[in-house]
1. Does A:Pro40 count as surrounded by fewer than 19 Cβ atoms within 10 Å (Cβ to Cβ), facing another protein chain (nearest Cβ under 7 Å) and not aliphatic (A, V, I, L, M)?
2. So if I check each of B:Arg91, B:Arg101, which one is in a strand (DSSP E or B), more than 12 Å from chain A (Cβ to nearest Cβ), at pLDDT 95 or above and in contact with an Asp or Glu (Cβ under 7 Å, 6 or more places away or on another chain)?
3. Here are A:Ile148, A:Ile167: which of them is of a type in the set (A, V, I, L, M) and within 28 Å of A:Gln93 (Cβ to Cβ)?
4. Taking the condition of being more than 10 Å from chain B (Cβ to nearest Cβ) and either touching a Ser or Thr at 6+ places or on another chain (Cβ under 6 Å) or under 27 Å from A:Val155 (Cα atoms) (or both), how many residues in region A:209-230 meet it?
5. Could you grab me the full set of residues in region B:32-61 that are more than 11 Å from chain A (Cβ to nearest Cβ), in contact with a Pro (Cβ under 7 Å, 6 or more places away or on another chain) and over 23 Å from B:Arg169 (Cα atoms)?
6. Is it fair to say A:Ser49 is outside any strand (DSSP E or B), at the interface with chain B (Cβ under 10 Å from one of its Cβ atoms) and either in contact with a helix residue (DSSP H, G or I) (Cβ under 7 Å, 6 or more places away or on another chain) or surrounded by fewer than 16 Cβ atoms within 10 Å (Cβ to Cβ) (or both)?
7. Is it true that some residue in region B:169-191 is of a type outside the set (A, V, I, L, M) and facing another protein chain (nearest Cβ under 8 Å)?
8. Does at least one position in region A:107-121 carry a residue that is at pLDDT below 95 and either more than 9 Å from chain B (Cβ to nearest Cβ) or crowded, with 20+ Cβ neighbours inside 10 Å (or both)?
Amino acid sequence: MPQDLLGLTGVKYSPYEESTQLARYIQHYPRSFTRNPSQPLIQRPLTLSELTGPTGLDRRLNAGDGDDLSRRTPDGPRAIGQFISVSGRVVDQDGAPVAGAVIELWQANSAGKYIHELDRHEAPLDPNFTGQGRLITDADGEYRFRSIKPGAYPVMESEWWWRPPHIHFSIFGPSWMNRYVTQIFFPGEPLNETDLLLNAVQDPEARDRLIFRTTPTTVGKVNLLHFKLDFVLRGKHQTPALD
Amino acid sequence: MSKGLPTSPYCTIGPFFPGQFVEGCEDLTRFEGKTACGEHILLAGRVVEEGNLPTLNVILEIWQADANGVFRHPLDPRSGAADPGFFGWGRARTNADGRYRFRTVVPGSYRTEEGAHRCPHVNLMVLAIGLTRRLVTTVFFGDAPDNVRDPVLDCVTDRAARRRLFAVRDPALDAEGLPGYRFDIVLRGENETPFFVD
């Protein structure tokens, strides 16, 4: 039996580079200054324990049947709002596809309301909207799902901050070192300019990695707007020198 | 050597992680209808922030070896012998008192490729509002923390901080016929939990 089915031997994981990431501390962002550790993070070696991680998670979680958030049953009525499709690839830092990765996603409905007991924002739920899904990337690292474009919503702890439309992603790469969680935003949204989280990425190129690309849409019976985003998970091979 | 493509930015999990994504994930002792080998325990505690205030709605994930020190993962040369009743991953959410609880097994120890001994431990990560990136730490087991030698634990040189990385047997947490082990997490403040570079 092959021991290294995922081609993981020799993969290196460097600490996240600050320039590619959100700042840890963000002025006016609730809890930022009460939850980040005050002591420096401690360097440690990476052993088998940190380099392995939950692979084949679809055997433990139901995955792969949540690729249409816009309705509760395949023939059921569609939730209200702009019908969208989202697709892209999950790759490592060498650009190699990450196959079999479980992706969890969740989002607000078109009125900016989440299906969650802690969402006390006064906006309607949509009975046809599922609000969440689980996917598995294919052999090329590709994922795709259909949904409704999420609405903006006000942050309850803030008097002025509105979250722009965004979709949450949680991705299980093949290692504990590339377990990854993020939020992806829509292009051209005015609220993107004032969002505390999106603007916590200093480098504009890095910030763009959190924004979907619009792609050409085919006019047909279904009014479906396409968005694309590729994810680069941490982890790279030391590419052998070519002769 | 190329540094490769820049990684996608991490962002906070936010306040609205679906409850259905947590349900059932607190229990690691069963997998595909089989029961895990080894000593079943409850690994539980409180997550607090500055001022010793409880945190509601923090998401914790753990990853660990089975009772024999084997990881269910292709990188582990012993993975073919992984416990069929144990997957090794779990997830929990804190309640209004900041409390969480996993049901799992005491992990076994193993030897690294370099010959170092990894003591029984559980990898733990924290996701929450206020944290733009996950926080990672390691939970150790054992009655004599000062005597434990482990290449990750030994990176924590402050003796009091090292002790905070140990789950402590606490009969007050016993439930469902299982022994309770307490691991409290102080994100920030007095008796802060040591976290590692990620």
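1. Spelling it out, it is not the case that A:Pro40 is surrounded by fewer than 19 Cβ atoms within 10 Å (Cβ to Cβ), facing another protein chain (nearest Cβ under 7 Å) and not aliphatic (A, V, I, L, M).
2. Values: B:Arg91 fails: more than 12 Å from chain A (Cβ to nearest Cβ).
B:Arg101 is the lone residue from the list that is in a strand (DSSP E or B), more than 12 Å from chain A (Cβ to nearest Cβ), at pLDDT 95 or above and in contact with an Asp or Glu (Cβ under 7 Å, 6 or more places away or on another chain).
3. On the way: A:Ile148 fails: within 28 Å of A:Gln93 (Cβ to Cβ).
None of the others qualify; the one that does is A:Ile167.
4. Matching residues across region A:209-230 total 9.
5. Scanning region B:32-61 gives a single hit, B:Lys34.
6. Details: outside any strand (DSSP E or B): yes; at the interface with chain B (Cβ under 10 Å from one of its Cβ atoms): yes; either in contact with a helix residue (DSSP H, G or I) (Cβ under 7 Å, 6 or more places away or on another chain) or surrounded by fewer than 16 Cβ atoms within 10 Å (Cβ to Cβ) (or both): no.
No: the conditions fail for A:Ser49.
7. Quick first cut of region B:169-191, residues of a type outside the set (A, V, I, L, M) only: B:169-171, B:174, B:176-177, B:179-184, B:188-191.
The next check asks that each one be facing another protein chain (nearest Cβ under 8 Å); those that pass are B:188-189.
Yes, region B:169-191 contains a residue that is of a type outside the set (A, V, I, L, M) and facing another protein chain (nearest Cβ under 8 Å).
8. yes
The values are calculated or read from the model by the stated rules, or taken from the named source; none is laboratory data. In this text the structure is predicted, and so the values were computed from the model without any measurement. Counting neighbours? That spans all protein chains shown, and the Cβs are built from the backbone with ideal geometry, glycine included.
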